[in-house]
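**Q** Let me begin by handing over the structure; questions about it come next.
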Amino acid sequence: MRISIDFDKCCGAGQCVLAAPEVFDQRDEDGIVILLDPHPPADQYETVRQAEAVCPAAAIKVEQ
Amino acid sequence: MTESLSNQPVGDQPLISQPVTRDPLNPLDPPAEYTRLREDQPIVKVRFPNGSAGWMVTRFEEGSQVFSDPRLSARRPRHDTPEGEVDEADDSAPFDVGFVMMDEPEHGAYRRLLTGRFTPKAVQNKLQPYIDKIVDDHLDAIAAGPETFDFVQAMALPIPCLVICELLGVPYEDRDGFHEATVDLMDMGKSREVRDKGAHWLIRYITGLVAEKRRTGATDGILAELINKADGEDAILSERQLIGLGVLLLFAGHDTTAAMMGLSTLTLLTHDEQRAELMEHPEKMGTAVEELMRYLTIVQFGLGRVAKEDLEIGGAQIKKGELVVVAMNAANRDPRAFQDPDTLDIDRKMARHMGFGYGVHACLGQNVARAELKTVLPKLFQRFPNLRLAGSLEEVPMDFTGTNYGVRKLMVTR
């Protein structure tokens, strides 16, 4: 799995962090997404797909 | 979405009007006319409530394109004001609405002054204990009061007011004034004069509060932080921007959540199976709140963007300067995006929706709203498991003219 993020689209809602906290975080100062693990292990695939699905700005793209 | 659309206006045919009338027997559903438009004319030239003409989008995919395409600008005129009240641009607004009407990269630069205060983590750490406490206090007050009460006055209005006061550093004693001014400002059923009076009240109020905070050197809350960004040699906010942001955060920060809290409670009270399921499985609260946001989509007249150049969306040829409004309440009921969209289903698999808008302009305070709803709803029904409407659904006075749809009053019996 490969995750790419369009940082310009990120609105800082943090829904990815709630869905997949081991893969995404947010900068404290402005809420912009931090990709902790661009190639997460298989046991994270489902939560990462969930993060992609709920992002209110469609800023996360997942390829497998 | 590659279906071809035959929705171009024909000749001098009069434009259809944006649907605004709801079925009184189904007050939780968007106007029924949206269902037909979404199938037959998903991108269509319409006449908006104020009489101006532009495009309206009712499908989810095309709506999300409108909100993500940089060729469409957030700097737009209002379309939802009363008949005849048409402005060329937003410059007539009495206060600076700041990043709401900016495009990238300016928009992000200003919005990101605030986003750090609204992340799930920040809300959980800094606000959640406060929200828990005030909700419990208000439930105690309800338990000590009459059996039949107005949920709006007892909970749906005070909780969001308290939370925004805490967050901004605004005295709660001032709530009657700022709420009344907000209702005036947001009610499209009122005249321009009344709405401007509401706006000017809020401007004067925030101006006075800012002066007071400067005088006392206050450091509490977002308003004090913004003052720091407007003062000194490296100031990044003008005085007008500072006041505008204060006004925006105050009215947008409480009226929206109050509307959603009243409407969500009404919805659960009229969906017995869903309510029972939620009470049995409180862990479903997160998905339930997302589903309520989708199902209810309180921004009832949609949000607009203006084409910066000629462009095509979903087969429609949009000309430079034309207004394109996304009816988010229709898009959130689009069967192409949501299975069985007119059914409230708290078990629905979570997916993005437009209940908080969409894209870079998506609601800044969405995690505050979520925290309030996720706290109030379970606590309310745990504390008063027999809570019920005091009258019939048809008797509940709905707010058909507010920018945010909601209930004006919600009489319930505990």
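The values are calculated or read from the model by the stated rules, or taken from the named source; none is laboratory data. Bear in mind the structure is a predicted one, so any value in this text is a computation, not a measurement. Reconstructed Cβ throughout: ideal geometry from the backbone, glycine too, with neighbour counts over all protein chains shown. What goes into the accessible areas is simple: the full protein's heavy atoms, side chains included, and nothing from ligands, DNA or RNA. Shrake-Rupley method; radii C 1.70, N 1.55, O 1.52, S 1.80 Å.
**Q** Residues in the range A:27-36: is at least one under 17 Å from B:ALA351 (Cβ atoms), more than 7 Å from chain B (Cβ to nearest Cβ) and surrounded by 23 or more Cβ atoms within 10 Å (Cβ to Cβ)?
**A** no
**Q** Identify the single condition in (1) away from chain A (no Cβ under 14 Å); (2) in contact with a Leu (Cβ under 7 Å, 6 or more places away or on another chain); (3) not hydrophobic (A, V, I, L, M, F, W, C) that B:PRO120 does not satisfy, given that it satisfies every other one.
**A** With respect to (1) away from chain A (no Cβ under 14 Å); (2) in contact with a Leu (Cβ under 7 Å, 6 or more places away or on another chain); (3) not hydrophobic (A, V, I, L, M, F, W, C), B:PRO120 is out only on (1).
**Q** Go over the candidates B:ALA337, B:ALA307, B:ALA316 one by one and state the one that is touching a Phe, Trp or Tyr at 6+ places or on another chain (Cβ under 9 Å), within 14 Å of chain A (Cβ to nearest Cβ) and more than 17 Å from B:THR403 (Cα to Cα). Walk me through it before giving the result.
**A** Numbers: B:ALA307 fails: within 14 Å of chain A (Cβ to nearest Cβ); B:ALA316 fails: within 14 Å of chain A (Cβ to nearest Cβ).
Result of the check over B:ALA337, B:ALA307, B:ALA316: B:ALA337.
**Q** Being more than 7 Å from every other protein chain (Cβ to nearest Cβ) and farther than 22 Å from B:CYS165 by Cβ is the filter here; which residues of the range B:351-369 pass it?
**A** B:HIS353, B:MET354, B:GLY355, B:GLY357, B:HIS361 - these are the residues of the range B:351-369 that are more than 7 Å from every other protein chain (Cβ to nearest Cβ) and farther than 22 Å from B:CYS165 by Cβ.
**Q** Please state which one of B:ASP80, B:ASP23, B:ASP29 is of a type in the set (Asp, Glu), touching a strand residue (DSSP E or B) at 6+ places or on another chain (Cβ under 9 Å) and not in a helix (DSSP H, G or I).
**A** Exactly one residue qualifies, and that residue is B:ASP80.
**Q** Considering (1) in contact (Cβ under 8 Å) with a residue 40 or more places away in the chain; (2) over 22 Å from B:GLY63 (Cβ atoms); (3) within 11 Å of chain B (Cβ to nearest Cβ), say which one A:VAL62 fails and leave the rest.
**A** It is condition (3) that A:VAL62 fails.
**Q** A follow-up question, please. If only one of B:PRO378, B:PRO385, B:PRO341, B:PRO335 is without any contact (Cβ under 8 Å) to a residue 60 or more places away in the chain and open to solvent by 20 Å² or more (accessible area, probe 1.4 Å), which one is it?
**A** Of B:PRO378, B:PRO385, B:PRO341, B:PRO335, the one residue that is without any contact (Cβ under 8 Å) to a residue 60 or more places away in the chain and open to solvent by 20 Å² or more (accessible area, probe 1.4 Å) is B:PRO335.
**Q** If you go through the range B:79-101 one residue at a time, do you hit one that is of a type in the set (Asp, Glu) and at pLDDT 95 or above?
**A** Checked the range B:79-101: no residue is of a type in the set (Asp, Glu) and at pLDDT 95 or above.
**Q** Filter the range B:282-296 down to the residues that are over 15 Å from B:ALA337 (Cα atoms), open to solvent by less than 10 Å² (accessible area, probe 1.4 Å) and either free of Cβ contacts under 8 Å to residues at least 60 places away in the same chain or away from chain A (no Cβ under 13 Å) (or both) and list them by number.
**A** Of everything in the range B:282-296, those that are over 15 Å from B:ALA337 (Cα atoms), open to solvent by less than 10 Å² (accessible area, probe 1.4 Å) and either free of Cβ contacts under 8 Å to residues at least 60 places away in the same chain or away from chain A (no Cβ under 13 Å) (or both) turn out to be B:ALA288, B:LEU292, B:LEU296.
**Q** When you scan the range B:349-374, how many residues do you find that are modelled with pLDDT of 95 or more and within 23 Å of B:GLU273 (Cβ to Cβ)?
**A** Final tally of qualifying residues: 4.
**Q** Among (1) away from chain A (no Cβ under 14 Å); (2) under 29 Å from B:PHE301 (Cβ atoms), which single condition is B:LEU113 missing?
**A** (1)
**Q** Might you check whether a residue that is within 14 Å of another protein chain (Cβ to nearest Cβ) and free of Cβ contacts under 8 Å to residues at least 12 places away in the same chain occurs anywhere in the range B:83-95?
**A** No, there is no match, as no residue in the range B:83-95 is within 14 Å of another protein chain (Cβ to nearest Cβ) and free of Cβ contacts under 8 Å to residues at least 12 places away in the same chain.
**Q** Also, quick follow-up: Within the range B:45-75, which residues are open to solvent by 30 Å² or more (accessible area, probe 1.4 Å) and more than 14 Å from chain A (Cβ to nearest Cβ)?
**A** Once the filter is applied, which keeps residues that are open to solvent by 30 Å² or more (accessible area, probe 1.4 Å) and more than 14 Å from chain A (Cβ to nearest Cβ), the range B:45-75 yields B:LYS45, B:ARG47, B:PRO49, B:ALA53, B:ARG71, B:ARG75.
**Q** Which numbered condition trips up B:ILE134, out of (1) surrounded by fewer than 16 Cβ atoms within 10 Å (Cβ to Cβ); (2) more than 13 Å from every other protein chain (Cβ to nearest Cβ)?
**A** Unmet for B:ILE134, out of (1) surrounded by fewer than 16 Cβ atoms within 10 Å (Cβ to Cβ); (2) more than 13 Å from every other protein chain (Cβ to nearest Cβ): (1).
**Q** Continuing with this model, one more query. Within the range A:4-23, restricting attention to residues that are more than 11 Å from chain B (Cβ to nearest Cβ) and surrounded by 22 or more Cβ atoms within 10 Å (Cβ to Cβ), which residue is nearest to B:VAL123 (Cα to Cα)?
**A** Filtering the range A:4-23 for residues more than 11 Å from chain B (Cβ to nearest Cβ) gives A:4-5, A:20, A:22-23.
Checking the rest, the ones that are also surrounded by 22 or more Cβ atoms within 10 Å (Cβ to Cβ) come to A:20, A:23.
Numbers: A:ALA20: 18, A:VAL23: 20 Å.
Of everything passing the filter in the range A:4-23, A:ALA20 is nearest to B:VAL123 (Cα to Cα).
**Q** Please determine, by comparing only the residues of the range B:370-382 that are in contact with a Pro (Cβ under 9 Å, 6 or more places away or on another chain) and not acidic (Asp, Glu), which one is nearest to the other protein chains (Cβ to nearest Cβ).
**A** Selected residue: B:ARG370.
**Q** Inspect all residues belonging to the range A:38-48 and state whether any of them is modelled with pLDDT of 95 or more and facing another protein chain (nearest Cβ under 9 Å).
**A** no
**Q** Only one of these is more than 24 Å from B:TYR110 (Cβ to Cβ) and open to solvent by less than 50 Å² (accessible area, probe 1.4 Å): B:ALA307, B:ALA327. Name it.
**A** Answer to the selection: B:ALA327.
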